[in-house]
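Each remark here refers to the structure printed beneath this line.
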Amino acid sequence: MDSLITRPKVPRLIGSKLNAVQCNNCGNIRFPARTYCKKCQSTDLSSILIGPIGEIVTYTTPYKKTPGDKQQIFGIVQLYSEDGKSSIGLSGVFKTDNFEKVQIGKKVELLPNERNNIFKLVEE
Ligand SMILES: [Zn+2]
C-alpha cells in the first residue's frame, strides 16, 4: 500500500491528459503520480503527459442496473503519450448512447474530469 508521503500533491489531469510520471531508470509509468517507481524503486522520475487519445482494450456491460440509473458500459483503454512511445491502461466509463459502437480497438478520447475516467468515442 502507498503511504501518503509517496503521493505528490499534483493535479490528476492537465487539460484532458493524465499527469503521470515515468521512471528514468526503467521506463515504467505510474499514474496517479507517485514519488518512486513501483518496478525498480528508483526516485529518479520525470513527468509525462498521457492521452487523451487511446484504444479500447476490453469492455463490459453490467447486467444489473441500479434503479433510476442509466445503464453504463465500462472498460479498459490503452492511452498513449504524445510521441506514441509510452502508454498505460486505464479503466473507466464510456460515454455513448450507442453501445454497439463500443468495440475493441476503437479509438476513444479521455474527457477532462477530475473525479472519474470518462471516455468518448472518436468518430471516424
Ligand atoms: Zn523504474
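Side notes on the structure shown:
- Scope segment 114-124; condition surrounded by fewer than 14 Cβ atoms within 10 Å (Cβ to Cβ) and touching a residue at least 60 places away in the same chain (Cβ under 8 Å); matching residues: E114, V122
- Of the residues making up segment 78-93, those that are surrounded by 12 or more Cβ atoms within 10 Å (Cβ to Cβ) and closer than 17 Å to N19 by Cβ number 10.
- Qualifying residue in segment 18-30 (condition: open to solvent by 70 Å² or more (accessible area, probe 1.4 Å) and at pLDDT below 95): no
- For beta carbons closer than 7 Å, sequence separation of 6+ or different chains, a first residue in segment 22-38 that is within 10 Å of I48 (Cβ to Cβ) and touching a residue at least 24 places away in the same chain (Cβ under 8 Å) and a second that is more than 6 Å from the ligand (Cβ to nearest atom) and part of a loop (DSSP other than H, G, I, E, B), the qualifying pairs are Q22/S86; I29/S86; A33/P8; A33/V10.
- No other residue among I88, I53 is touching a residue at least 40 places away in the same chain (Cβ under 8 Å), β-branched (V, I, T) and within 16 Å of G27 (Cβ to Cβ) apart from I88.
- Residues satisfying the criterion are present in segment 94-101 (criterion: open to solvent by less than 60 Å² (accessible area, probe 1.4 Å), closer than 30 Å to P8 by Cα and either charged (D, E, K, R) or away from the ligand (no atom under 16 Å from the Cβ) (or both)).
- Condition met for V122 (more than 18 Å from V21 (Cβ to Cβ) and touching a Phe, Trp or Tyr at 6+ places or on another chain (Cβ under 8 Å)): no
Results for (1) among the polar types (S, T, N, Q); (2) more than 9 Å from the ligand (Cβ to nearest atom), shown as yes or no for each residue.
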residue	(1), (2)
T6	yes, yes
R12	no, yes
V21	no, yes
N28	yes, no
P32	no, yes
Q41	yes, no
I48	no, yes
V57	no, yes
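- Within segment 88-112, being part of a loop (DSSP other than H, G, I, E, B) and either touching a Leu at 6+ places or on another chain (Cβ under 8 Å) or closer than 12 Å to T58 by Cα (or both) holds for T96, V102, Q103, I104, G105, K106, P112.
The values are calculated or read from the model by the stated rules, or taken from the named source; none is laboratory data. Note that the coordinates shown come from a computational prediction; the quantities given were computed from them, not determined experimentally. Glycine also receives a Cβ, built like all others from the backbone with ideal geometry; neighbour counts cover every protein chain displayed. Remember, those area values only see protein heavy atoms, side chains included, never the ligands or the DNA or RNA. Shrake-Rupley method; radii C 1.70, N 1.55, O 1.52, S 1.80 Å.
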